[in-house]
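Engineer: Quick one: this structure, given as structure tokens, is what I'll be asking you about.
The values are calculated or read from the model by the stated rules, or taken from the named source; none is laboratory data. None of the values given here were measured: they were computed from a predicted structure. Ideal geometry is used to build each Cβ from the backbone, glycine not excepted, and the neighbour counts take in all protein chains shown.
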Amino acid sequence: MAYGFGIIGCGMIASFHARAIGDVRGAKVVACHDAFPAAADRFAAANGCRAYHDLDEMLADPEVDVVTIGTPSGAHMEPAVAAANAGKHVIVEKPLEITLRRCDRIIDACRKNGVVLSTVFPSRFHRSSIELKRAVDEKRFGRLTLGDAYVKWFRTQEYYDSGAWRGTWQLDGGGALMNQAIHSVDLLTWLMGPVVEIRSQSATLAHKRIAVEDTAVATLQFASGALGVIEATTAAYPGYLKRIELHGSEGSAAMEEEDIVRWDFAKKSRRDAAVHRMMEEQTSTGGGAADPSAIGHHGHAMQFRDTLDAIAKGRAPAIDGPEGRRSVEIILGIYKAAETGRAVALPLKSDPVLAARKLDQKKSGK
């Protein structure tokens, strides 16, 4: 079966979606929509699809089977719910949304309408991530003791000034954590298991005219008893590769971007030779460390293939709505712990009321 895709939100990430869809057999971009008609027109001309200036008209198009959503983070819910209500399958760029309530509205709408929902976290589909997950599942680390995520990136002031929504609570949902480090937060909890307690600090140290953090540090306790650290910043010139480290009583491993850079286990496995060959075939460039457009689309393509396979087979995709919600909950817990100076337990019973977010909304007239 051939699947027609409609893209909602024609900014930078839409081009990555279009290239990824072009790499998926049986998939084609047939339509697009943006709140700014000129943006939709430009995207349609560049990608050979129809531009719709009215979202409802695009969702009524029978050739659109799946929609991908790449609007600002805090504006994911409305088009996602509308697409689900129109019977379209939904793929939402990370984060799923910026509050738990808005995440749940998307999840509930897709469940009610019987459509597939997938949250975009392409890093899970990299070979290195899959090898780490296999090692965890095979208990090669022994007892997991430490799990760390480091995202020490750099964004210029011009990056934040380039869009009125950037660096705001109501549309960006946060800063270095919610926008950049969320990929690593997702990977860390996928590998280490649920987080049950968070302590943290955050600050805005190097950027102006933003309401959100550009630097944050959190310590975690996982349900297994293991401990962890998340460090995230967009104020570390010139920007280093993101790094995940896993440590246990019988092994340790580390990954930078898509490359495994350490692989040390007390008990050897036949797969180790293949992993060491991967280590010799370094694939990472700078990634998004300094340039948000310097990322590949191959992870998106693999996730889109998985989503179409889920639709065809009537199964859940690898990264569904609840999986996407989990990293949002962790980040909201980090924000709450930083604001209160106290430990925060997960799961959260409701969205935390953040004074910074309320102040940001007041300034913007919300």
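Engineer: Mind listing just one residue for me: the one in segment 331-345 that is surrounded by 20 or more Cβ atoms within 10 Å (Cβ to Cβ) and out of contact with any Leu (no Cβ under 7 Å at 6 or more places or on another chain) and, of those, nearest to residue 196 (Cα to Cα)? Before you say what the answer is, go through the steps one by one.
Structural biologist: The first filter runs over segment 331-345 and keeps only residues surrounded by 20 or more Cβ atoms within 10 Å (Cβ to Cβ), leaving 331-335, 337-338, 344.
Imposing the further condition that a residue be out of contact with any Leu (no Cβ under 7 Å at 6 or more places or on another chain) reduces the set to 337-338, 344.
Numbers: 337: 13, 338: 16, 344: 8 Å.
Top of the filtered list is 344.
Engineer: Those residues that are in contact with a strand residue (DSSP E or B) (Cβ under 8 Å, 6 or more places away or on another chain) and small (Gly, Ala, Ser), I need them from segment 299-317; list them, please. Before the answer, list the steps.
Structural biologist: Going residue by residue through segment 299-317, those that are in contact with a strand residue (DSSP E or B) (Cβ under 8 Å, 6 or more places away or on another chain) are 300, 303-304, 306-308, 310-311, 317.
Residue satisfying the conditions is 310 alone.
Engineer: Of the residues that sit in segment 107-136 and are touching a His at 6+ places or on another chain (Cβ under 7 Å) and among the hydrophobic types (A, V, I, L, M, F, W, C), which one is nearest to residue 76 (Cα to Cα)? I'd like the intermediate steps shown before the answer.
Structural biologist: Residues of segment 107-136 touching a His at 6+ places or on another chain (Cβ under 7 Å): 115-116, 120-123.
Keeping just the survivors that are among the hydrophobic types (A, V, I, L, M, F, W, C) gives 115-116, 120-121.
Working: 115: 16, 116: 16, 120: 12, 121: 15 Å.
Residue satisfying both the conditions and the ranking: 120.
Engineer: Go through segment 310-338 and count every residue that is over 21 Å from residue 149 (Cβ atoms) and of a type in the set (D, E, K, R).
Structural biologist: Of all residues in segment 310-338, those over 21 Å from residue 149 (Cβ atoms) come to 310-317, 320-321.
Applying the additional criterion that residues be of a type in the set (D, E, K, R) yields 313, 315, 320.
Qualifying residue count, segment 310-338: 3.
Engineer: State yes or no: is residue 105 more than 30 Å from residue 225 (Cα to Cα), touching a Pro at 6+ places or on another chain (Cβ under 9 Å) and of a type in the set (Lys, Arg)? I'd like the intermediate steps shown before the answer.
Structural biologist: On the way: more than 30 Å from residue 225 (Cα to Cα): yes; touching a Pro at 6+ places or on another chain (Cβ under 9 Å): no; of a type in the set (Lys, Arg): yes.
No; evaluated as a whole, the condition is false for this residue.
Engineer: Just to be sure I understand, how many residues within segment 5-62 are basic (Lys, Arg), under 21 Å from residue 116 (Cβ atoms) and in a strand (DSSP E or B)? Spell out the reasoning first.
Structural biologist: Just the residues of segment 5-62 that are basic (Lys, Arg), to begin with: 19, 25, 28, 42, 50.
Next cut, under 21 Å from residue 116 (Cβ atoms) only: 25, 28.
Okay, now just the ones that are also in a strand (DSSP E or B), so 28.
Matching residues across segment 5-62 total 1.
Residue by residue, here is whether (1) at pLDDT below 95; (2) of a type in the set (A, V, I, L, M, F, W, C); (3) not in a helix (DSSP H, G or I) holds:
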| position | (1), (2), (3) |
| --- | --- |
| 301 | no, yes, no |
| 319 | no, yes, yes |
| 323 | no, no, no |
| 326 | no, no, no |
| 330 | no, yes, no |
| 339 | no, no, no |
| 349 | yes, no, yes |
| 352 | yes, no, yes |
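Engineer: Moving on. Before we move on, is residue 232 over 17 Å from the mean Cα position of the chain (by Cα) and aliphatic (A, V, I, L, M)?
Structural biologist: Working: over 17 Å from the mean Cα position of the chain (by Cα): no; aliphatic (A, V, I, L, M): yes.
For residue 232, the condition - over 17 Å from the mean Cα position of the chain (by Cα) and aliphatic (A, V, I, L, M) - is not met.
Condition check ((1) farther than 27 Å from residue 108 by Cα; (2) in contact with a helix residue (DSSP H, G or I) (Cβ under 6 Å, 6 or more places away or on another chain)) across all residues:
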position: 23; (1), (2): yes, yes
position: 55; (1), (2): no, no
position: 64; (1), (2): no, no
position: 81; (1), (2): no, yes
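Engineer: Provide a single number: the residues in segment 221-251 that are hydrophobic (A, V, I, L, M, F, W, C), outside any strand (DSSP E or B) and crowded, with 21+ Cβ neighbours inside 10 Å.
Structural biologist: To start, the set of residues in segment 221-251 that are hydrophobic (A, V, I, L, M, F, W, C) comprises 222-223, 226-227, 229-230, 232, 235-236, 241, 244, 246.
With the extra rule that they be outside any strand (DSSP E or B), the set shrinks to 223, 226, 236, 241.
Right, trim to crowded, with 21+ Cβ neighbours inside 10 Å and you get 236.
Adding up the residues that qualify gives 1.
Engineer: In segment 254-274, what residues are part of a strand (DSSP E or B), in contact (Cβ under 8 Å) with a residue 24 or more places away in the chain, closer than 20 Å to residue 124 by Cβ and in contact with a Lys or Arg (Cβ under 9 Å, 6 or more places away or on another chain)? Give the steps one after another, and end with the answer.
Structural biologist: Initially, segment 254-274 is screened for residues part of a strand (DSSP E or B), giving 254-256, 259-265.
From what is left, the residues that are in contact (Cβ under 8 Å) with a residue 24 or more places away in the chain are 255-256, 259-260, 265.
Going one step further and asking which of them are closer than 20 Å to residue 124 by Cβ, we end up with 255-256, 259-260.
Those that are part of a strand (DSSP E or B), in contact (Cβ under 8 Å) with a residue 24 or more places away in the chain, closer than 20 Å to residue 124 by Cβ and in contact with a Lys or Arg (Cβ under 9 Å, 6 or more places away or on another chain): 255, 256, 260.
Engineer: Next question. Given (1) touching a residue at least 60 places away in the same chain (Cβ under 8 Å); (2) closer than 21 Å to residue 344 by Cα, where does residue 250 come up short, assuming only one miss?
Structural biologist: (2)
Engineer: Could you list, in sequence order, all residues of segment 306-325 that are buried (at least 22 other Cβ atoms within 10 Å of the Cβ) and either among the charged types (D, E, K, R) or within 13 Å of residue 94 (Cβ to Cβ) (or both)? Give the steps one after another, and end with the answer.
Structural biologist: Residues of segment 306-325 buried (at least 22 other Cβ atoms within 10 Å of the Cβ): 307-308, 319, 321, 324.
Selection gives 319, 321, 324.
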